[in-house]
1. Just tell me which aspartates and glutamates come within less than 15 Å, Cα to Cα, of Lys270; anything on the same chain fewer than 8 places away is out.
2. Quick one: length gained pulling Thr273 to Leu56 fully straight, 0.36 nm per residue minus the C-alpha distance?
3. With point charges of +1 on the Cβ of Lys and Arg and -1 on the Cβ of Asp and Glu, referenced to the Cα centre of the chain, which listed residue (Val304, Val232, Phe85) lies farthest in the positive direction of the dipole?
4. Taking the Cβ of each residue in Ile320, Ile263 as the centre, tally the other Cβ atoms inside 10 Å and list the residues starting with the fewest.
5. Using a simple spin-label model with points 7 Å from Cα along the Cα→Cβ vector, what separation in nm is obtained for Asp124 and Arg9?
6. Is the shape of the range 129-222 best called rounded, prolate or oblate, per the rule: a/c under 1.5 gives rounded, else a/b larger than b/c gives prolate, else oblate, with a ≥ b ≥ c the square roots of the Cα gyration tensor eigenvalues?
7. If I take all pairs of Cα atoms in the range 175-339, what percentage of them are more than 30 Å from each other?
8. Using the alpha-carbon centroid of each, what span in Å lies between the range 316-354 and the range 273-312?
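Every read-out reported here was derived from the displayed coordinates using simple, explicitly stated rules and does not represent laboratory data. Just so you know, these numbers come straight off a predicted model, no measurement behind them. Quick reminder, even Gly has a Cβ in these numbers, built from the backbone with ideal geometry, and neighbours come from all protein chains shown.
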Amino acid sequence: MTQTLQIERANHLKDKPDVSTIKFGTVFTDYMFTNKYTPEYGWSEPSILPYQNLQLSPSCQALHYGQSVFEGLKAYKNGDDVLLFRPDENFSRMNKSLSRLSMPEINEENALNALYELIKLERDWVPGGPGQSLYIRPFVFADEPFLGVRPSETYQFNIILSPVASYYGAQLSPTSIYVEDDFVRAVRGGVGFAKASGNYAGSLLAQKKANELGYEQVLWLDGVEQKYVEEVGSMNIFFIRDGELITPKLNGSILPGITRKSIIQLAEYKGYTVKEEAIHIDTLAEDLESGRITEVFGAGTAVVVSPVGKLNIHGVDYIINDNQVGPAAQELYNDLTDIQYGRIEDPFGWVVKL
Ligand SMILES: *Cc1c(COP(=O)(O)O)cnc(C)c1O
């Protein structure tokens, strides 16, 4: 069923900022999308309206019991066109997150159409400088004013937009990573595979600890045995081992990244052997020591590919590829961003042109 999307026009449009100087996530566009869920009518009030503060009851359920999920994707400028990268994947993943958190699923087709309308309305906000993009943040949360512990009866689904500068200046640069042995991000049977807001709250303390120890990000081990590599920060992780591309197999506590999935498909297309397997942290240390592993990199929407130059495992620093960007990371980064920005033909049908 297609619903009529109401559009409420703004009286006044903001001045566009100089995107090269803004901090990530601080500037928002003129409009947002919103929809409301009630048990009687489902998701029945889709509208685009001026970006504005929300009015919530202090007993709003999301604030107390954490029914809140989100997504993240980007719009890229190519001449007069605006390109989206696999937006269908984001809404399909959002439904998996919603279902896990006992929240009502959205209609993916309606959500995509609403997103397209919002982006078309805001197309002048998609920045065109090198590496710049418009970050898209869809999110759903429980807004019923009620302190009882049970799934909320009402929800809000919003999409907000924020122009972002290039993550790297002109070039990729390697990061340093601390392997976390105490705190875990997610456990078997839990919500690790969902983009649940609370997963982030739980990860902040380890991130702070890594920063205090002089590392930029955390590498998470599994929550059960604390032996198997899961993710790095809020990215999936890849290795080049004996020339093959290796990544941890999805196990329910790893977030199934769309960048991860795209890198696997792209690498296979380019002739790499790709293996998804359980990676023991001690085996990883041995393979770094022996030189079998020549590259390590993270992968996620925000950075696309993030090479790792230094990895601290159980107190020992391993320097990877002389702390330089490796050839596979550079190649996959170039190809994927070329597809996202429409600089090369997209052989996979991933890009949506608006
Ligand atoms: C969002 C996210 C990723 C990356 O997913 P993409 O779809 O590639 O952006 C990886 N890990 C975690 C924990 C995440 O929240």
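1. Candidates past the 8-residue exclusion: Glu244, Glu331, Asp335, Asp338, Glu345, Asp346.
2. Details: separation 217, 0.36 × 217 = 78.12 nm, distance 5.07 nm.
Length gained, Thr273 through Leu56: 73.1 nm.
3. Positive-most Cα among the choices belongs to Phe85.
4. Numbers: Ile320 23, Ile263 27.
Neighbour counts put them in this order, fewest first: Ile320, Ile263.
5. 1.3 nm
6. oblate
7. Summing the P(r) of the range 175-339 above 30 Å gives 9 percent of all pairs.
8. 16 Å
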